[in-house]
Structure formats: structure tokens, C-alpha cells
Amino acid sequence: MQILMTLSRLIDYPNQALVAVAEDVVQAIANDNSLCSDDKHNLIKFFDDRCAMDILDWQSEYDALFERGRSLSLLLFEHIHGESRDRGQAMIDLLNQYKAAGLDIGVRELPDYIPLFLEFVSTQGTDNAISWLQDVAHIFALLKVRLEQRDSDYAVLFSALVNLAQADIDYADLAQQVQGEKRDDTKEAIDKVWEEEMVKFGPDQNNDTCPSTVNRPSASQSRTQEVPIQMMDAVIAETIAKEASQATTIPGGK
């Protein structure tokens with residue numbers, strides 16, 4: 001399911017290299033047989049609108065959405081395990097899955113980063129890809145609803161992923177859940193997290209233990225310096241171009 005490679009790039013941090021292959025991206029979406037017509041239309045409109053923006057404005061909006069707070073985190077296991085020890089084991093298990101498939105992460109990124117995960121899934125063949133997507137479809141659906149609440153067109157990317165997973169999602173229930181959530185991306189909310197988790201040194205400490213870091217934003221969430229995350233970065237443009245010239249879905253493989 002090579003369309004997942006394209007979606008991986010669209011969800012990842014935007015850069016000029018992506019804009020440079022805009023025609024190939026649009027053709028890859030238009031020619032893919034696994035996407036429904038509505039998703040094709042919405043994805044192409046999303047990309048056309050984004051490419052019409054100044055790249056710095058696009059990057060700034062991306063940072064505001066995905067780099068502040070955790071409700072829109074692009075780290076899968078953060079939505080499941082938070083910062084518990086279970087998350088660490090889950091990442092080890094996922095990394096082992098990557099290695100078993102013959103894939104290595106050659107960049108500084110956590111294995112549960114959604115664009116990286118989608119690259120992996122794109123190499124697993126259609127049936128396996130659907131199974132993998134179904135495992136996390138509820139997270140994609142939650143991100144979709146939260147993005148819609150913020151009037152962000154990024155919601156269409158996660159809507160397409162849910163549809164590719166062929167998952168049955170109760171969006172009404174999710175919308176009710178999200179409606180009651182407090183925004184965690186405001187300056188006040190972010191400042192409060194850091195104030196509560198501030199590390200104290202010296203004799204003024206109340207005890208000898210270090211404060212919990214459960215709610216502290218992780219360093220990996222920062223994109224102050226752009227770092228490519230792809231495992232297969234050298235073949236992404238070629239893969240997208242190949243997609244654009246074919247009218248059938250090609251089972252992935254590296």
C-alpha cells in the first residue's frame with residue numbers, strides 16, 4: 001500500500017523538497033485505487049492549498065498544531081501509554097518489528113512517530129498494512145476529530161488513514177469526548193506543565209527523589225531544527241513518482 005508513503009510525507013514536517021515534487025504527489029493520490037473519491041479530492045485540495053502557502057507559514061502552523069501540548073502528538077504510544085514504562089516496552093517491540101522486516105531507523109526519531117510508522121507499514125503488503133492500520137485506527141480517528149475541532153485541514157489526512165484501515169469508528173462518541181477536553185496548547189497550559197515539573201536542586205528540595213517527568217514534553221517533540229525522519233528517504237521521491245505513473249496499488253517492499 002504505497003499511498004501510505006505519500007501520506008507519511010504529508011504528515012511529516014513540511015519542507016521545500018516536498019513542494020518541489022508537488023506534481024508527483026498529486027498524481028500519486030489521483031491514481032491510487034485504495035483511496036475513495038472523497039479522500040482523493042480532500043487530499044489533493046489539502047496539498048494544493050498548502051503548496052500555495054509560504055513554506056515558513058506552513059511550518060509555523062504545523063508547529064502550532066503538533067509541537068505544543070500532547071493532544072495532537074504524532075507519537076502513537078503517547079496516546080496509549082503516556083510516559084509510563086509500558087510505552088518504552090511498546091517502542092522496543094515496534095522497533096523489533098522494523099528490524100524483523102529488514103528496516104533500520106537511520107535517523108534520530110522514536111519508532112512510534114506516525115510518519116515513520118507509516119513508512120514501515122507501506123512495505124508490508126496490502127493485507128498486512130490494513131491489519132497494522134486497524135491496530136491504531138482509533139488514534140487516527142481521535143486526531144482527526146481534534147483537528148476538526150481546531151478547524152485544521154490536516155484532519156483529512158487522518159480521515160484517509162481511518163478509511164484505509166477499513167475501521168468502524170463512532171465519530172459522534174469521539175466528538176463528545178473531545179468537546180469536554182481542555183486545550184493543552186495554550187501558553188498558560190504549557191507554562192503550567194513546566195512549572196509543575198520543574199527540577200529543584202540543593203537543600204531546598206523536599207525529598208531526595210527527582211520529580212516525575214510524566215507530563216514533561218519530550219525533547220523528541222521539538223522541531224526547532226528540521227531533521228529528516230525517513231528510513232527510506234533516498235527512495236521517497238522515486239516511489240511517489242512511480243505511484244503517479246501506475247493506476248493500481250502496488251504491495252510495498254524494500
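If you go through region 31-66 one residue at a time, how many are in contact (Cβ under 8 Å) with a residue 40 or more places away in the chain, in a helix (DSSP H, G or I) and among the aliphatic types (A, V, I, L, M)?
Within region 31-66, residues that are in contact (Cβ under 8 Å) with a residue 40 or more places away in the chain, in a helix (DSSP H, G or I) and among the aliphatic types (A, V, I, L, M) number 4.
Can you find, within region 98-120, the residue that is surrounded by the fewest Cβ atoms within 10 Å (Cβ to Cβ) among those that are of a type in the set (Asp, Glu) and touching a residue at least 40 places away in the same chain (Cβ under 8 Å)?
Asp104
How about region 121-146: which of its residues are surrounded by 21 or more Cβ atoms within 10 Å (Cβ to Cβ), within 14 Å of Gln97 (Cα to Cα) and among the hydrophobic types (A, V, I, L, M, F, W, C)?
Once the filter is applied, which keeps residues that are surrounded by 21 or more Cβ atoms within 10 Å (Cβ to Cβ), within 14 Å of Gln97 (Cα to Cα) and among the hydrophobic types (A, V, I, L, M, F, W, C), region 121-146 yields Val121, Ala129.
I'd like to check something: does region 72-84 contain any residue that is of a type in the set (Ser, Thr, Tyr), assigned to a loop (DSSP other than H, G, I, E, B) and touching a Lys or Arg at 6+ places or on another chain (Cβ under 9 Å)?
No, the conditions are met nowhere in region 72-84.
Across region 1-24, what is the number of residues that are of a type outside the set (A, V, I, L, M, F, W, C) and within 23 Å of Cys36 (Cα to Cα)?
7
Scan region 48-82 for residues that are under 22 Å from Leu118 (Cα atoms) and at pLDDT below 80 and jot them down.
Hits for region 48-82 are His79, Ile80, His81, Gly82.
Here's a check for you: in region 1-30, which residue that is in a helix (DSSP H, G or I) and among the charged types (D, E, K, R) is nearest to the chain's Cα centre (by Cα)?
So the residue we want is Arg9.
Condition check: under 15 Å from Leu161 (Cα atoms) and modelled with pLDDT under 95. Does Leu110 satisfy that?
Spelling it out, it is not the case that Leu110 is under 15 Å from Leu161 (Cα atoms) and modelled with pLDDT under 95.
The values are calculated or read from the model by the stated rules, or taken from the named source; none is laboratory data. Here the structure is a predicted model, which means the values were calculated and not measured. Methodologically, a virtual Cβ is constructed for each residue, glycine included, from the backbone with ideal geometry; neighbour enumeration extends over all protein chains shown.
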